[in-house]
Amino acid sequence: MRAERSGDARIVLVVIGELDIATSGAFVAAVQERLGEAPLLLDLRELSFIDSSGVHALDGIIAQADREGAPLTIHPELHEHVRQVLDMTGMMPLLPLDPA
């Protein structure tokens, strides 16, 4: 995972590789560290795998951002496997997709 600043002052968190039981804790910690600091864009285009732990982590972060009123969006382009898992779990309609 890497963090970047975009030209519009957002923090872009690029999630790379797998989001699973081994990595979801670090993912949550990295997002929580930046949540509310500036509008946050999660870029999942380089995420190639997600399991139920990753889905749970993503759902929890979205809920936390909503509760705290912290701006959080997700890049609309997703790896096919990630999109399939999020579709199967019913998460796709809940994702705050970035309109840009």
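Things to note:
- Residue satisfying condition, being charged (D, E, K, R) and in contact with a Ser or Thr (Cβ under 6 Å, 6 or more places away or on another chain), within set ASP98, ASP59, ASP87, ASP8: ASP98
- Per the listing LEU47, LEU13, LEU41, the residue uniquely touching a residue at least 40 places away in the same chain (Cβ under 8 Å) and within 11 Å of the chain's Cα centre (by Cα) is LEU41.
- GLY54 meets each of the listed conditions (1) within 19 Å of PRO99 (Cβ to Cβ); (2) within 13 Å of the chain's Cα centre (by Cα); (3) not basic (Lys, Arg) apart from (1).
- Complete set of residues in segment 39-63 that are among the aliphatic types (A, V, I, L, M) and surrounded by fewer than 16 Cβ atoms within 10 Å (Cβ to Cβ): ALA63
- Residue satisfying all of: in segment 64-91; crowded, with 17+ Cβ neighbours inside 10 Å and β-branched (Val, Ile, Thr); farthest from VAL31 (Cα to Cα) among these: VAL85
Bear in mind that the values in this text are calculations on the coordinates, not laboratory data. As the structure is a computational prediction, the values presented were derived from the model and not from experiment. Cβ atoms come from the backbone with ideal geometry, glycine included; neighbour counts cover every protein chain shown.
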